[in-house]
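Only one structure is covered here, and it is reproduced in the block below.
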Amino acid sequence: MHINLNFKQKVYRRNSGLLNTLHLDGWLLLGILLLIISSSLIVFSASSGNVAVLERHLIRVGFSFILLLAFAQIPPNIISFYTPWIFGIGMLMLISVLLFGEVGKGAKRWLDFGFTRFQPSELMKLALPLMVAWLYAHGTFPPSKSKIFSGLALVIITAGLIIVQPDLGTSILIAMSGLFVIFFAGLSWKWILAAISLVSASLPIVWNFYMYAYQKQRVMTFLNPESDPLGSGYHIIQSKIAIGSGGIDGKGYMGSTQAHLDFLPESTTDFIFSVLAEEFGLIGVLLLLLLYTLIIARGLYIASQAHDNFSKLVAASLTMTLFVYVFVNIGMVSGILPVVGLPLPLLSYGGSSLVTLMVSFGILMSIHTHKKLLKT
Amino acid sequence: MSFKHQQQPLALLHEQKSLFRSRLYFALGFVILLFIMLIGRMIYLQVNNFQHYHAMSEGNRISVEIIPPVRGRIYDRNNVVIADNRPVFVLKFVKNDIKNINNTLFHLKKTLPSIPDKVLKKFFNKLKLANKFRPLYLPFSLNEKEAAHFSVTSYQFPGITLTAKLKRYYPFGKSAVHALGYVGKINQRELKNLDLKSYQGTEVIGKLGVEKQYESLLHGYPGIQQVETNAKGRVIRKLETLAAIPGQDIQLTIDIELQKYIEQLVKGQKASVVVIKPKSGEILAYVSEPGYDPNLFIDGISQKNYNTLLKDAGRPLVNRVLNGQYPPASTVKPFIALAALEHNTIPFYKKIKDPGYFEFKGHKYRDWKKWGHGEVDMEDAITQSCDTYFYKLGLDLGIKKIHNSLYPFGFGHTTGIDLSGESRGILPSKKWKRATKGKSWFKGDTIIAAIGQGYFLATPLQLAKATATLANRGKIIQPHLLKEHLKNNENRHNSNPIAKKQTQIEIQKIRNWNRIINAMGKVMKGPHGTARAAGRKLQYPMAGKTGTSQVYSIGKEASYDAKSVRKNLRDHSLFIGFAPINNPEIAISVVIENAEIKAAPVAVAITNYYLNKIKHHEP
């Protein structure tokens, strides 16, 4: 702990000046920039050298980076102040999606504002953990039973509204971001174990009564992709071929035959990891995981250094949410988790998830750089 | 609890901080643990199973297309193509690109109504089970008009492309079909005995005739093309090509012009004609009339067409040259006479009185001439075809000598022609009768065997071979169809090895041979010669012998329609001959079943045609 403090001071000294004025965190920024550079290179390769795709990607990256800068300037207490409002708006949007949402790929997920289409569940990825953190910000850790239940209620209602869209994958991930807050607030292990056993026990019921055919199909395919090699198992088989054929040192940049010959589905978005693994092999994969570890460790460090409960809980849960996204995506494309439509954070071709992600990095940086100002 | 809310003691604050901190450590440990799990998974995929996935990736990328070899063409002796390969238009289906198979085929039928429903239905079932990316060909060839019509509307048929394929084609249709044979779809039984590697991508195989006999020369060996394909099976680029080894072209001894000429002569008859070069055994014409169109068989003959061929009273599918076994009748007389001379059974000029019959043990063996030929010697007996003379001669000679003398000419055993399924005919003997009939031999059997009746049976091919052997003065040749095979037009003189197998019949006195041959010359030219009418126009000295065998249709009588047998009660007309006498260029056997025309004039026309028109064009 002592060493950590010294380390922090060193970093501050080195980065004092521009980074400090802009409320940016050097280590986080370094990790993000390295990932964005890799992302641009691989998106370019995965799109078979399509310059237009790269341009659009860079524009989106630039736009979301501006959002990161903007959110880094907002002190955590202001964010905390507006949290109930943001959450309220998010809930209204989720309800309106169910009422007048646009149908895409068999599910209602989008709201059309005329000039842009928006997925309210994206907003909830941030709003839910912020809201639960806001709930627990005042008071002791671990929170009281009533607070735990109200936190759980928030999680269940939000996730429920997304499940009925239907979007099981996203709802689970959003629920997790809320549950992380409860976990970091100090929910006792007894409760955690009880909850885990309850969920496992209810799985067969969910399977039989609440899951859609395509969701069941995904799970079945995950359990045995080779059972339907040209049907729904095709994506996973082709993805595993891409990863495995990369070997230790890969086929080289622009060398992904699986992507270039269209065997790999969604090669610029959900399956971008497979392209990286095919072109750069195990070495590339290790470097990528190292970068993610750097970012996650830094995020958890920021949480440990935060001064108020709201900041602590938000920083820790946003970081862990990022981790879950990384793990679920890589687990999915390498065939150890079922297929859920989910991009790999910071590496996939930019979409609305990139915006959410950059905003959460902005909040993390704000938490880290504004505590000095709060300190007296 | 409520007071704590106001002011948290320092110890509690510290406790809270360490609780949060422990949760952070737990989270970090969790992250690292799961990342290690992912790394383990990556090592499993990228290191342990690298070879497997590498191979699968290459298999994805590279697909091997088999290039079937081009079947060797078959030429006649003058380099006229008689079995060719012609490009035909076919439709290639890639299932993956077809949205709705049922609708597509329905629509296709509307666009190309000539495709039979049966073919489409069968193909539909095949397509349903097929691999998504492997192309399938509709077993139906489009003509040029249909192909043009399809290409105009092809935008309506994603997944179906028009491609050209080489298909066997017999430009002369029925001509020489029994020698040439045909190719047809490989069936299950053939598949079992094939080298599957060399037949990958090949659809047809020689079924009959030369096409079957020389399958190994004609077929060739397939090539391989490696192509890079995308996920839709579309070829992105060609990687490596191992060219197919085309089948060898072969040249037959057949002269297709002569063949067609003969077929024209015997058109409408049930006939067989074999024309052979006595010096080499090369078969110039191989006529079995009526014939059938081999082109019908290539894509698999329809049941309707096949039934028509089967029910045809002319029995076109029967290879009469090879399998038609006829009593040779009087055509054996020169051979019997020669045997008698060589065995000193009777002097050449010894005269015998013919009252119109030969009486033996109270049984009268009738001559074809009721009132008899009067006093005849051997020469008269041959030119006038006197049966009485030969009844007596046969009896004097005995069946053993007849058998042993006629056997070397090729009677009673296969000629060894390069076609499979040849019939042996019957050259009767005591041993043969006991073995097959279980009865002992009677002298009466010998008497009728001497005029080529009774048990005696020979195929037209055997008659031609015997005639050629006689023309050669005892040099036995092997009849054959393969002249030489052309290795890509090099090594043109790779002559048929079986043509070299030649032996000589032991000759006692060459004078005996010449006397018989001269007597056969008088058959054509003599004042009483049985073929003098046909021989009148001859410009060459020609040897010949006529024969008439009483009604006896080939094949088993059981399979014959009783009505058609009664209609066809006429005698068979036979003829053997060769010309010119002293330097034989051509030997012929003609058999016309239930003859409406005589065999001798046919043979004379052939000889004239060949010696006048063709011989002068040959180098």
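The values are calculated or read from the model by the stated rules, or taken from the named source; none is laboratory data. From a predicted model like this one, the values you see are computed outputs, not experimental measurements. Ideal geometry is used to build each Cβ from the backbone, glycine not excepted, and the neighbour counts take in all protein chains shown.
Below is a table of values for the structure above.
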{"item": "Search result, residues across the range A:318-327 that are within 24 Å of B:Gln46 (Cβ to Cβ) and more than 8 Å from chain B (Cβ to nearest Cβ)", "result": "A:Val324, A:Tyr325, A:Val326"}
{"item": "Considering residues of the range A:230-257 that are over 20 Å from A:Leu337 (Cβ atoms) and crowded, with 24+ Cβ neighbours inside 10 Å only, the residue farthest from the chain's Cα centre (by Cα)", "result": "A:Ser245"}
{"item": "Restricting the range B:262-278 to residues that are of a type outside the set (S, T, N, Q) and assigned to a strand (DSSP E or B), the residue that is surrounded by the most Cβ atoms within 10 Å (Cβ to Cβ)", "result": "B:Val274"}
{"item": "Per-region count, the range B:259-286, residues out of contact with any Ser or Thr (no Cβ under 6 Å at 6 or more places or on another chain), of a type outside the set (Lys, Arg) and closer than 19 Å to B:Thr467 by Cα", "result": "11"}
{"item": "Matching residues, the range A:304-327, being farther than 16 Å from B:Phe30 by Cα and either outside any loop (DSSP other than H, G, I, E, B) or β-branched (Val, Ile, Thr) (or both)", "result": "A:Ser304, A:Gln305, A:Asn309, A:Phe310, A:Ser311, A:Lys312, A:Leu313, A:Val314, A:Ala315"}
{"item": "Subset of the range A:261-275 (residues that are within 8 Å of chain B (Cβ to nearest Cβ) and buried (at least 22 other Cβ atoms within 10 Å of the Cβ))", "result": "A:Phe263"}
{"item": "Residue count for the range B:94-137, restricted to those that are hydrophobic (A, V, I, L, M, F, W, C), modelled with pLDDT of 85 or more and surrounded by 15 or more Cβ atoms within 10 Å (Cβ to Cβ)", "result": "6"}
{"item": "Tabulated pairs, the range B:156-167, first assigned by TED's automatic domain parsing to the domain that holds B:Leu108 and in a loop (DSSP other than H, G, I, E, B), second surrounded by 15 or more Cβ atoms within 10 Å (Cβ to Cβ) and modelled with pLDDT under 85, C-beta under 6 angstrom, 6+ apart or interchain", "result": "B:Pro158/B:Asp97; B:Gly159/B:Val94; B:Gly159/B:Asp97; B:Gly159/B:Ile98"}
{"item": "Test result for A:Leu173, under 22 Å from A:Ser360 (Cα atoms) and within 14 Å of chain B (Cβ to nearest Cβ)", "result": "no"}
{"item": "Residue match in the range B:176-194 (condition: hydrophobic (A, V, I, L, M, F, W, C), part of a loop (DSSP other than H, G, I, E, B) and in contact (Cβ under 8 Å) with a residue 40 or more places away in the chain)", "result": "yes"}
{"item": "Those residues of the range A:328-362 which are closer than 15 Å to A:Gln119 by Cβ, among the aliphatic types (A, V, I, L, M) and part of a helix (DSSP H, G or I), in sequence order", "result": "A:Leu354, A:Val355, A:Leu357, A:Val359"}
{"item": "Filtered residue count, the range B:305-346, keeping only those that are under 12 Å from B:Leu463 (Cα atoms), out of contact with any helix residue (DSSP H, G or I) (no Cβ under 7 Å at 6 or more places or on another chain) and in a loop (DSSP other than H, G, I, E, B)", "result": "2"}
{"item": "Strands (runs of 3 or more DSSP E) (entirely within the range B:353-420) containing at least 3 residues that are over 23 Å from B:Ser573 (Cα atoms)", "result": "B:357-360, B:374-376"}
{"item": "Selection count where residues are more than 7 Å from chain A (Cβ to nearest Cβ), closer than 26 Å to B:Tyr199 by Cα and of a type in the set (S, T, N, Q), scope the range B:51-72", "result": "1"}
{"item": "Test: residue in the range B:138-145 that is closer than 30 Å to A:Phe263 by Cα and either part of a loop (DSSP other than H, G, I, E, B) or not basic (Lys, Arg) (or both)", "result": "yes"}
{"item": "Matching residues, the range B:241-261, being in a helix (DSSP H, G or I), aliphatic (A, V, I, L, M) and under 18 Å from the mean Cα position of the chain (by Cα)", "result": "B:Ile256"}
{"item": "Some residue of the range A:294-307 being within 11 Å of chain B (Cβ to nearest Cβ), surrounded by 23 or more Cβ atoms within 10 Å (Cβ to Cβ) and within 25 Å of B:Asn230 (Cβ to Cβ)", "result": "no"}
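Conditions tested, residue by residue: (1) exposed (fewer than 15 other Cβ atoms within 10 Å of the Cβ); (2) within 15 Å of B:Ile336 (Cα to Cα); (3) not charged (D, E, K, R).
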position: B:Leu419; (1), (2), (3): no, no, yes
position: B:Glu422; (1), (2), (3): no, no, no
position: B:Leu427; (1), (2), (3): no, yes, yes
position: B:Ala435; (1), (2), (3): yes, no, yes
position: B:Gly438; (1), (2), (3): yes, no, yes
position: B:Asp445; (1), (2), (3): no, yes, no
position: B:Ala449; (1), (2), (3): no, yes, yes
position: B:Thr459; (1), (2), (3): no, no, yes
position: B:Ala464; (1), (2), (3): no, no, yes
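Every residue, every condition in (1) under 28 Å from A:Pro265 (Cβ atoms); (2) facing chain B (nearest Cβ under 10 Å), yes or no:
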| residue | (1), (2) |
| --- | --- |
| A:Phe310 | no, no |
| A:Ala316 | no, yes |
| A:Asn329 | yes, no |
| A:Tyr349 | yes, no |
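Yes/no matrix, rows are residues, columns are (1) in contact (Cβ under 8 Å) with a residue 40 or more places away in the chain; (2) within 26 Å of B:Ile476 (Cβ to Cβ); (3) touching a Cys at 6+ places or on another chain (Cβ under 7 Å):
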position	(1), (2), (3)
B:Ala329	yes, yes, no
B:Leu338	yes, yes, no
B:Pro347	no, no, no
B:Trp368	yes, no, no
B:Gly394	yes, yes, no
B:Gly398	yes, yes, no
B:Gly410	yes, yes, no
